[in-house]
Amino acid sequence: RPDQTLTLASGQTLAGIGGINGSLVVSNGATLTPAGTNTTIGITTGSNPVGAIAASTSITLNGTTVIKLDGTSNDVIEAAANIMYGGTLNLANISGAPLTAGNSFQIFNAATYSGSFSSITPATPGSGLTWNTSQLSSGIISVVGGPNGPVVGSAKVAGGNFIFSGSGGVTNGTYYVLTSTNLLTPLPGWTPIATNMYDGSGNFSVTNPLSASNHQRFYIIKQ
């Protein structure tokens, strides 16, 4: 092609393992899914459950991108230049074992990354778990959280402040601290007092000044 670009139109699917000598554009309504056989998602030909599709220049994703996760291996989409995220990212766990916190997958590999996905399916990796998309700028998606979410591990009063910290949050994710003097107050009535980010291990620490006028106060960590 004179523009050295393969454009998938709505309704078209590119599947398999191999390379594109040029750029790839996946239009809205089109599907990109590396590798071969997996009857769970309707692929009945080919011999490889996971694999890679690569472009020698750039890839633009506007349709549905299906990435299969198979334990310690997974599909990969590669570009020598830029990958622009967009459309829907469909993450299909074909390993037969549930995903757990700490799972991490290098699903894209490119020189640079831009854009963002409008949605990820399924919305969560499992009960009490969350997709961590903070490293998609390096092509990595991971699983964080646990059945209880963020948990307070320690609390103390120091220098006129109430300080509490804990773990179990979304790695590098944003959290909000809400407070109320009445535990029975519906959540919309709680007052936000801080916005912060979990660290790289999902830990958090909150410092809040004490007020002599309040004899009791409750706190909630909202993700």
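The values are calculated or read from the model by the stated rules, or taken from the named source; none is laboratory data. Everything numeric here is computed off the predicted structure, so don't read it as measured data. Cβ atoms come from the backbone with ideal geometry, glycine included; neighbour counts cover every protein chain shown. Remember, those area values only see protein heavy atoms, side chains included, never the ligands or the DNA or RNA. Shrake-Rupley method; radii C 1.70, N 1.55, O 1.52, S 1.80 Å.
Answer yes or no: is there a residue in segment 129-138 that is among the hydroxyl-bearing types (Ser, Thr, Tyr) and at pLDDT 90 or above. Yes; the residues of segment 129-138 include at least one that is among the hydroxyl-bearing types (Ser, Thr, Tyr) and at pLDDT 90 or above. For segment 159-178, the set of residues classified as assigned to a strand (DSSP E or B) and under 28 Å from the mean Cα position of the chain (by Cα) consists of PHE164, SER165, GLY166, SER167, THR174, TYR175, TYR176, VAL177, LEU178, listed by residue number. Could you tell me whether segment 27-37 includes any residue that is surrounded by fewer than 19 Cβ atoms within 10 Å (Cβ to Cβ) and modelled with pLDDT under 95? Yes, the conditions are met somewhere in segment 27-37. Kindly establish whether LEU91 is under 11 Å from the mean Cα position of the chain (by Cα), under 19 Å from SER73 (Cβ atoms) and at pLDDT 90 or above. Yes: the conditions hold for LEU91. Return yes or no: is SER205 outside any loop (DSSP other than H, G, I, E, B) and small (Gly, Ala, Ser)? For SER205, the condition - outside any loop (DSSP other than H, G, I, E, B) and small (Gly, Ala, Ser) - is met.
Quick one: how many residues across segment 69-82 are open to solvent by less than 30 Å² (accessible area, probe 1.4 Å) and part of a strand (DSSP E or B)? Final tally of qualifying residues: 5. Pairs linking a residue in segment 64-76 that is farther than 15 Å from LEU24 by Cβ to a residue that is among the aromatic types (Phe, Trp, Tyr) and open to solvent by less than 40 Å² (accessible area, probe 1.4 Å), with Cβ atoms under 6 Å and 6 or more positions apart or on different chains, are LEU69/PHE105; ASN74/PHE105. The residue of segment 91-134 that is most open to solvent (accessible area, probe 1.4 Å), among those that are in a loop (DSSP other than H, G, I, E, B) and in contact with a Ser or Thr (Cβ under 7 Å, 6 or more places away or on another chain), is SER118. Number of residues in segment 150-176 that are open to solvent by 40 Å² or more (accessible area, probe 1.4 Å), over 14 Å from THR195 (Cα atoms) and modelled with pLDDT under 85 equals 4.
Going by what's in this entry, would ILE221 be described as in contact (Cβ under 8 Å) with a residue 24 or more places away in the chain, open to solvent by 30 Å² or more (accessible area, probe 1.4 Å) and touching a Ser or Thr at 6+ places or on another chain (Cβ under 8 Å)? Considered against the rule, which asks whether it is in contact (Cβ under 8 Å) with a residue 24 or more places away in the chain, open to solvent by 30 Å² or more (accessible area, probe 1.4 Å) and touching a Ser or Thr at 6+ places or on another chain (Cβ under 8 Å), ILE221 comes out as no. Within segment 108-133, being more than 13 Å from the chain's Cα centre (by Cα) and aliphatic (A, V, I, L, M) holds for ALA110, ALA111.
Of all residues in segment 56-68, those satisfying the criterion of being open to solvent by 10 Å² or more (accessible area, probe 1.4 Å) and touching a Leu at 6+ places or on another chain (Cβ under 8 Å) are SER58, THR60, THR64, VAL66. Looking across LEU14, LEU8, LEU24, LEU99, one residue alone is modelled with pLDDT under 95, over 23 Å from the mean Cα position of the chain (by Cα) and not hydroxyl-bearing (Ser, Thr, Tyr). It is LEU14. Of all residues in segment 200-216, those that are among the hydrophobic types (A, V, I, L, M, F, W, C) have Cβ atoms under 6 Å from Cβ atoms of residues that are at pLDDT below 80, 6 or more apart or on another chain, in PHE204/GLY169.
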